[in-house]
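*Asks:* First the structure, which I've put down as structure tokens, then a few questions once you've had a look.
The values are calculated or read from the model by the stated rules, or taken from the named source; none is laboratory data. Treat the numbers as computed from the prediction; the structure is a model and nothing was measured. Ideal geometry is used to build each Cβ from the backbone, glycine not excepted, and the neighbour counts take in all protein chains shown.
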């Protein structure tokens, strides 16, 4: 069985609703987190993201001016100076399947529909910590692999094609994050 | 903050895509514990949340007041983009928060209101009563909860409002299949 050392994690919470921020802060501190930074809109969150280099971002979707979806899209810029790989948990009142698809296509790592529960939040955090997915970059997408399962029984057209791959070396994530501070 | 030792990210380049893998930068925060480990972070968090519950009634009153103010702005200035967006966000926040605050029927009514705002082709043509009934019902549940039989009255109220709103949306979207599909699609939230 695994536990998370929350006191070693740095969180960025973005929600325009002060009550929800208070609830999130309470839950994260109860889990053991010490470093919880809060933003009330996407633009502030993006600034804080660059400044504090959080390990995990938890964001609402519906916010004025610059919403959580746009925040995810801004973070998932493969050529950006900052870290484009941080797990993003979308915590939202949207509860329609098409919204999950839109969030997934914006590079969101996990989707958590409100009403919030301690268990639901803990499970999403555990999942992004223990089971990170590789990132996929295409002409139109950059983000965590949207395929959570592989099926040997799949019949149908392949969205991804390609011959034998070549391996490119990239600078380390840590160096990249440090250089952005 | 969790730190990883500097190791390279591996990029596998295919014809149409790249697959990027890196050592898990957060693996150092994972700790193996015995099955009999008594630490219960989820239980601890639930207790902490329960400790906040004395404030929930006040918070809900603030949210309901914000919704009423947003609708008052609509009545004054019409459905400008700003007024429409604020009405939607106020309803959407109640949809997301009210069940946590102990007002599940208010959450159902707020969801119904969100659907009207999102899927009505012309908000200016929506009968005003459809908005006011939703908003008044939320206000009543929040402010008079102690006098209502919350399970039967507010539950029935929320179901009826949802039915009326859904009938209206199905009618006005009869020639808009993408909206009709979204209206009829089931929620991903269990128990909705």
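*Asks:* What are the pairs, 6+ residues apart or on separate chains, where a residue within the stretch A:83-110 that is more than 8 Å from chain B (Cβ to nearest Cβ) has its Cβ under 6 Å from a residue that is in a helix (DSSP H, G or I) and surrounded by fewer than 19 Cβ atoms within 10 Å (Cβ to Cβ)?
*Replies:* What qualifies is A:106/A:73.
*Asks:* On to the next question. Might you let me know whether the stretch A:64-73 holds any residue that is farther than 17 Å from residue A:146 by Cα and surrounded by 24 or more Cβ atoms within 10 Å (Cβ to Cβ)?
*Replies:* yes
*Asks:* Which of the residues spanning the stretch A:1-16 are touching a helix residue (DSSP H, G or I) at 6+ places or on another chain (Cβ under 7 Å) and either surrounded by fewer than 23 Cβ atoms within 10 Å (Cβ to Cβ) or at pLDDT below 95 (or both)?
*Replies:* Within the stretch A:1-16, A:2, A:4, A:5, A:6, A:8, A:10 qualify.
*Asks:* Moving on. With modelled with pLDDT of 95 or more and exposed (fewer than 13 other Cβ atoms within 10 Å of the Cβ) as the only criterion, which of B:192, B:175, B:122 stands out?
*Replies:* Going through B:192, B:175, B:122 in turn, just one is modelled with pLDDT of 95 or more and exposed (fewer than 13 other Cβ atoms within 10 Å of the Cβ): B:122.
*Asks:* Show the residue pairs meeting these rules: Cβ distance below 9 Å; 6+ apart or different chains; first residue within the stretch B:1-22 and more than 7 Å from chain A (Cβ to nearest Cβ); second residue modelled with pLDDT under 55 and surrounded by 14 or more Cβ atoms within 10 Å (Cβ to Cβ).
*Replies:* Partner pairs satisfying both residue conditions: B:5/A:172; B:5/A:174.
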